[in-house]
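Each remark here refers to the structure printed beneath this line.
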Amino acid sequence: MKIRLHAYLPTLLGVGLAVAAGSASGKSLTVASTDPARNAAALDDQRDLKTKYRRAPLRTAAPSAAHVELGRTLFFDPRLSRASCMSCATCHNPGFSWGDGLPRAVGHGMKTLGRRTPTVLNIGWAEAFFWDGRAETLEQQALGPIAAAGEMNLPHGEMIKRLENIAGYKPLFSAAFGDTNVTKEKVAIAIADFERTIVSTDAPFDRWLAGEKAAIPTSAKRGFALFNGKADCAKCHAGWRFTDDSFHDIGALGDDVGRATLLPGLESMDHAFKTPTLRDVALRAPYMHDGSEGTLEQVIELYDKGGRVRRPGLATEVHPLQLTAQDKRDLVDFMLTLSSPPKSVAVPSLPR
C-alpha cells in the first residue's frame, strides 16, 4: 500500500496558517472578542491570510465534454446498483450539497451504514478519498461503491453486462472513448470526470477576498481572524477548500477506528478521519464521520472542549480553546459565508 506522508505529519499542511490574522510581520491582529469598537479596516486588511484561500486551478486537464456527459448519465443511473433503485446521486444528491442529509448513509437493502456520506463537492482537488482514505484516486472512489456489498452491491462484471445490454449507452461510450466497448475502467474514468465538474461557485467569502468589503458581516471577519488564530481551525481546514486532505483524531465519540484499519499500530491514525471540506458546510448537517454532531454550534463546542474524548492519538491541534460566547457566534457567522449560491444541475434522460 502506498502510504502518504501527510498521514504521518498532519500538521505540516496549513502550519503557516496558524498565526492570527495580522500584518506581513506576522504580528497578531488585536480583535478582542469583548470589545464592541472593532477596527473594520484592520479586519478587511488581512492580505497575508487571504492569499491562502484563493481558488487553485484543477491539477488535471479539464475533462472532455463527452466524458462528462457519459459520467453524468452513469452517476444518475440507478441501474448501477443490484436492485436498480440506487444511483451515485442517491447518496450524493446535489440538493444536499452533494451529500444526503442523513447522519449515516443508507445502502443496499436500506441498511444504515457506519459512516456519513461525504460530499463530492470540489472532489477533483482531493488527494485521498473516503473518510479513511482507502482510495488514492478519484477513479477508485468513483468505482468502489458500485461493487461494495453494503452500498450499491453490483459486482463490476454484472455492471458491464447491464450496460452492454442498454443500447442507448453505445453512442455515449463511442463519443467518449472511440468505441462501444464497456469496461470498468471506462466507467470509472467517466464518473470521475463528471465529478471533477462538481465545483462550488463563489461564496460571499470569495467576494470579500476579491475586495468587496461589504460581502460578509463584521462578525464573520472576526470569525475569520479567530479561525486562523485562537481557534486553530486553519491548521487542518486549510486552503480554498478548507481541508488539508489529511487524517486526524479530533476526539469524537464512537468505536470506529477510521484510518487505523488501513494503518494498524500507528497511534496517530487511531480514530483518525479525513478532514472534510468546509465549503457549503452550513448545508450539510449533521457533521463528523458518523453524524454525531447535529449543528455547527455543537461542532465548535467539541473543539472548544478539546474533544469529547481524549485518546493517546488525539491530534495535537485539538486542545481546549477557551472561546467566549461571542467567539463561537463569530466562528459560525464566518462559516455561513462559505455557502455558494445554488447551482442548477442538469439531470440526464437515462438511455434505453
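Data overview
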item: Residue list for the stretch 221-236, filter: in a helix (DSSP H, G or I) and of a type outside the set (D, E, K, R); result: Gly223, Phe224, Ala225, Leu226, Phe227, Asn228, Cys233, Ala234
item: Lone qualifier among Ala315, Ala346 - being surrounded by fewer than 19 Cβ atoms within 10 Å (Cβ to Cβ), touching a helix residue (DSSP H, G or I) at 6+ places or on another chain (Cβ under 8 Å), touching a residue at least 60 places away in the same chain (Cβ under 8 Å) and part of a loop (DSSP other than H, G, I, E, B); result: Ala346
item: Top-ranked residue of the stretch 237-292 - restricted to ones that are among the small types (Gly, Ala, Ser), open to solvent by 20 Å² or more (accessible area, probe 1.4 Å) and not in a loop (DSSP other than H, G, I, E, B), ranked as farthest from Ala220 (Cα to Cα); result: Ser268
item: Subset of the stretch 21-62 [open to solvent by 60 Å² or more (accessible area, probe 1.4 Å), at pLDDT 50 or above, more than 30 Å from Ile189 (Cβ to Cβ) and of a type in the set (Gly, Ala, Ser)]; result: Ala41
item: Residues within the stretch 205-218 that are open to solvent by 20 Å² or more (accessible area, probe 1.4 Å) and either in contact (Cβ under 8 Å) with a residue 60 or more places away in the chain or of a type outside the set (A, V, I, L, M, F, W, C) (or both), tallied; result: 7
item: Residue list for the stretch 107-133, restricted to those being touching a helix residue (DSSP H, G or I) at 6+ places or on another chain (Cβ under 8 Å) and within 24 Å of Ser84 (Cβ to Cβ); result: Thr117, Val120
item: Some residue of the stretch 185-203 being more than 23 Å from Thr60 (Cβ to Cβ), open to solvent by 20 Å² or more (accessible area, probe 1.4 Å) and of a type in the set (Lys, Arg); result: no
item: Tabulated pairs, the stretch 137-165, first free of Cβ contacts under 8 Å to residues at least 12 places away in the same chain, second surrounded by fewer than 20 Cβ atoms within 10 Å (Cβ to Cβ) and among the charged types (D, E, K, R), C-beta under 6 angstrom, 6+ apart or interchain; result: none
item: Filter result (open to solvent by less than 30 Å² (accessible area, probe 1.4 Å) and in contact (Cβ under 8 Å) with a residue 40 or more places away in the chain) within the stretch 92-112; result: Ser97, Trp98, Gly99, Ala105, Gly107
item: Wholly enclosed helices (runs of 4 or more DSSP H) of the stretch 42-128 bearing at least 1 residues polar (S, T, N, Q); result: 65-75, 88-91
item: Per-region count, the stretch 134-158, residues in contact with a helix residue (DSSP H, G or I) (Cβ under 6 Å, 6 or more places away or on another chain) and either at positive phi or not in a loop (DSSP other than H, G, I, E, B) (or both); result: 9
item: Breaking point among (1) open to solvent by less than 60 Å² (accessible area, probe 1.4 Å); (2) modelled with pLDDT under 95, for Leu80; result: (2)
item: Given (1) in a loop (DSSP other than H, G, I, E, B); (2) crowded, with 16+ Cβ neighbours inside 10 Å, number of the condition Leu331 does not satisfy; result: (1)
item: Count - residues of the stretch 129-169 that are touching a His at 6+ places or on another chain (Cβ under 8 Å) and either of a type outside the set (Gly, Ala, Ser) or buried (at least 21 other Cβ atoms within 10 Å of the Cβ) (or both); result: 6
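The values are calculated or read from the model by the stated rules, or taken from the named source; none is laboratory data. Quick caveat: nothing in here was measured; it's all calculated off a predicted structure. Heads up, the Cβs are rebuilt from the backbone with ideal geometry, glycines too, and the neighbour counts pull from every protein chain shown. We work out accessible area using only protein heavy atoms, side chains counted, and drop any ligands, DNA or RNA first. Shrake-Rupley method; radii C 1.70, N 1.55, O 1.52, S 1.80 Å.
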